[in-house]
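Structure, as structure tokens:
Values in this text are rule-based calculations from the coordinates and carry no lab data. Computed from a predicted model, the values in this text were never measured in an experiment. FYI the Cβ positions are ideal-geometry reconstructions off the backbone, even for glycines, and counts take in every protein chain you see.
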Amino acid sequence: MSKLVRSVAVIAWIGQFANPASASEPVPSTPEIPLEQVKFFEEHIRPLLVAKCFKCHGADKQSGELRLDSLGAMLAGGDSGASIVPGSPGESLLIEAVRYESYEMPPDGKLADDEIELLVKWVEIGAPWPGDSGDAPVRETVDKITDDDRNYWCFQPLSHPQPPQSSADHWSRTDIDRFLLARLSDAGLRPQSEADRITLIRRATQLVTGLPPTLEEVDAFLSDDSPDAYRRLIERLLDSPQRGEHLARFWLDLVRYAESDGYRADGYRPQAWRYRDYVINAFNSDKPYDLFVMEQLAGDELDPHNPQALAATGYLRAGIYEYNQRDAEGQWKTMLEDVTDTTADTFLALGLGCAKCHDHKFDPILQTDYYQLQAFFSNVGLQDETPLATPAELEKHQQQQQAWEAATADIRAELEAMEQPVLERMEKEAVKMFVPELQAMWNKPAEERTAYENQIAFLIELQVIDKWKSLDSAFKNEAKEKRDALREQLKAFDELKPSPLPTGLTVTDIAPDPSPLYVPGKSRLGEMVPAFLTVLGDEPPVIAPTEASPQSTG
């Protein structure tokens with residue numbers, strides 16, 4: 001991996017460059033460049049490049065195969081491609097680097113703000129360079145992922161090696177034992193003597209269930225002289241519901257499971273436990289691991305009529321949430337980054353966090369890899385009350401609900417006439433706390449919003465709903481008495497009303513076509529679409545059309 005480390009290090013370019021000879025000889029103006037631009041370049045840009053850049057990116061040295069001592073060299077670029085895009089500072093790697101937005105150049109200290117602004121202005125006006133038209137072949141960007149990276153053991157498909165065999169092996173009982181014995185032998189070691197029966201049941205019970213054995217269990221095992229006593233002990237432990245509870249704790253830690261939102265308020269999540277129980281049941285039922293993974297990432301697509309598959313998508317809702325965060329766009333960005341980071345940590349065993357801002361410094365992970373993984377989640381919409389029920393249960397509930405609504409239509413109409421104006425006022429009070437741009441998103445009809453605007457609108461809606469929780473206190477005196485009387489009348493029809501369905505925190509596709517996703521500040525890289533890590537190959541994911549279902553995200 002040392003080649004990767006070196007290549008990433010030199011890619012972090014735009015440092016100090018030095019070619020003093022060229023600095024002392026101003027180049028005459030060319031007819032194509034206005035005199036004021038020539039003056040601006042010679043007085044501000046050339047001295048800055050000489051002082052801060054030419055040492056590492058000039059005639060004598062080209063870190064990252066990059067020279068910055070001519071316009072042509074800048075356009076040709078280095079290992080990372082062209083360093084500037086004339087007229088577009090936001091698309092220029094040079095500007096990113098001096099701003100410390102991706103690379104950090106010069107590496108020994110950031111340029112002063114006024115120096116950065118000079119470079120921004122120069123690129124903005126077209127990067128005029130007297131005497132240099134910029135004619136030069138544009139370099140091809142080198143492959144940042146090497147064959148050594150691709151061949152590294154952890155990026156290889158799983159294999160099924162044959163267990164080592166030894167005629168002198170009288171210790172092994174399983175294939176796993178044979179692998180262990182071979183490694184011990186290679187190290188000049190041999191197995192320890194077998195544990196006594198009390199130690200054996202204690203170790204086995206704590207390993208499988210996380211609990212010590214009871215005195216009765218120890219006595220029963222010690223008094224069992226049958227040859228298969230240990231096998232039956234293990235089978236009993238594996239059948240114990242405590243096994244799933246114990247193993248689930250490790251998984252739930254990985255996926256940052258919590259039953260509250262986090263932050264200072266740390267609001268309770270009353271339905272979060274359904275995902276917890278899904279994980280416990282998955283271990284206790286020996287659910288195949290590939291199915292376990294797929295259900296958590298896309299259970300609603302995989303089996304939209306299965307309540308357990310729907311509950312599995314609670315994984316995507318386990319991140320932190322701040323109930324009163326007015327920066328809804330910033331909060332949505334944080335939520336997307338959280339699920340991206342956690343998915344990489346949990347399912348890929350790779351930390352992708354560094355690649356959020358730049359190519360990983362040590363591992364073969366590109367910044368584009370981070371956002372292509374995030375693109376799998378960029379179209380999700382959040383749902384807080386998804387019914388976790390079978391189609392038959394949903395149909396029965398709907399029929400009962402319709403009967404109750406028909407019987408209570410008049411009473412509910414009176415209540416709505418009283419409550420709706422108050423709810424609308426509360427809504428306005430909640431929404432006005434957001435900046436005008438977000439208020440405009442909220443005020444659009446849902447069908448006219450972009451996918452992204454609907455995602456932001458949901459976060460605003462949560463704060464509107466939180467405001468509505470104080471509805472009872474908004475009614476006083478006669479209005480309160482009238483409302484209370486109407487609510488009492490409703491209770492007379494409770495026998496018709498269906499019992500609430502179990503619900504869970506899940507996700508849904510927010511729109512058929514997601515809003516475009518780009519690497520921040522690097523739209524020149526194009527739209528980020530769902531893709532696997534570059535080091536694993538360039539085969540695109542197959543995203544098949546999904547069944548139309550009220551519980552499907554497709």
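Couplings 3J(HN,Hα) for the stretch 298-305, derived from phi with the Karplus relation 6.51 cos²θ - 1.76 cosθ + 1.60 (θ = phi - 60°), are 7, x, 5, 7, 5, 8, x, 9 Hz, where x marks Gly and Pro.
Picking from 103, 493, 407, whose Cα lies most toward the positive end of the charge dipole for the chain (charges on Cβ: Lys, Arg +1; Asp, Glu -1)? Final value for the positive-end residue is 103. Ellipticity at 222 nm from helices only: DSSP H runs of n ≥ 4 in the chain, each -39500 (n - 2.57), divided by the residue count, give -13500 deg cm²/dmol. In sequence order, the stretch 423-435 has phi-based couplings of 4, 5, 5, 4, 4, 4, 5, 6, 6, 5, 6, 8, 5 Hz under the Karplus curve 6.51 cos²θ - 1.76 cosθ + 1.60, θ = phi - 60°, and Gly or Pro positions carry x. Remark: the stretch 144-159, residue by residue, has Karplus-estimated 3J(HN,Hα) of 7, 9, 8, 5, 4, 4, 5, 8, 4, 4, 6, 9, 9, x, 5, 10 Hz, where x stands for each Gly or Pro and the curve is 6.51 cos²θ - 1.76 cosθ + 1.60 at θ = phi - 60°. Other residues lying with their Cβ under 13 Å from the Cβ of residue 355 contribute a combined charge of -2, Lys and Arg counting +1, Asp and Glu -1. Once Rg and the Kirkwood radius are both taken over the C-alpha atoms of the stretch 389-501, their ratio Rg/Rh works out to 1.06. The alpha carbon gyration tensor of the chain gives principal lengths a ≥ b ≥ c with a/c of 1.5 or higher and a/b no greater than b/c, which makes the shape oblate. The lysines within cross-link reach of residue 110, meaning a Cα-to-Cα straight distance under 17 Å and a gap of 8 or more places when in the same chain, are 52, 55. Kirkwood Rh, the stretch 147-208, all Cα pairs: how many Å? Mean inverse Cα-Cα distance, inverted, gives 14.7 Å.
The alpha carbon radius of gyration of the stretch 175-241, expressed as a multiple of 2.2 N^0.38 Å, is 1.32. By the rule of a C-alpha distance below 23 Å, with chain neighbours fewer than 8 residues away ignored, the lysines paired with residue 482 are 467, 469, 491, 497. Sorting 71-83, 159-171, 526-538 by average packing, meaning the other beta carbons within 10 Å per residue, from highest down gives 71-83, 526-538, 159-171.
What number comes out for the charge environment of residue 398, summing +1 per Lys or Arg and -1 per Asp or Glu over other residues with Cβ under 14 Å away? Here the charged neighbours net out to -1. Bridging of residue 121 to aspartates and glutamates at a Cα separation below 19 Å is possible for 32, 36, 42, 43, 69, 91, 96, 101, 113, 132, once same-chain residues fewer than 8 apart are set aside.
Taking amide H atoms as placed 1.01 Å from N in the peptide plane, the amide H of residue 507 lies under 5 Å from those of 383, each 5 or more residues away in sequence or on another chain. Computed over the stretch 443-491, the Cα gyration tensor eigenvalues convert (square root of 5λ each) into semi-axes of 34, 12, 9 Å, ordered from largest to smallest. Taking label positions 7 Å along the Cα-Cβ direction at both residue 192 and residue 240, the computed distance is 2.1 nm, reported to one decimal.
List the relative contact order of the chain as a percent without decimals, with contacts defined as Cα pairs under 8 Å and 6+ residues apart. Can you show the working numbers first?
On the way: 751 pairs, mean separation 74.6, N = 554.
Relative contact order, the chain: 13 percent.
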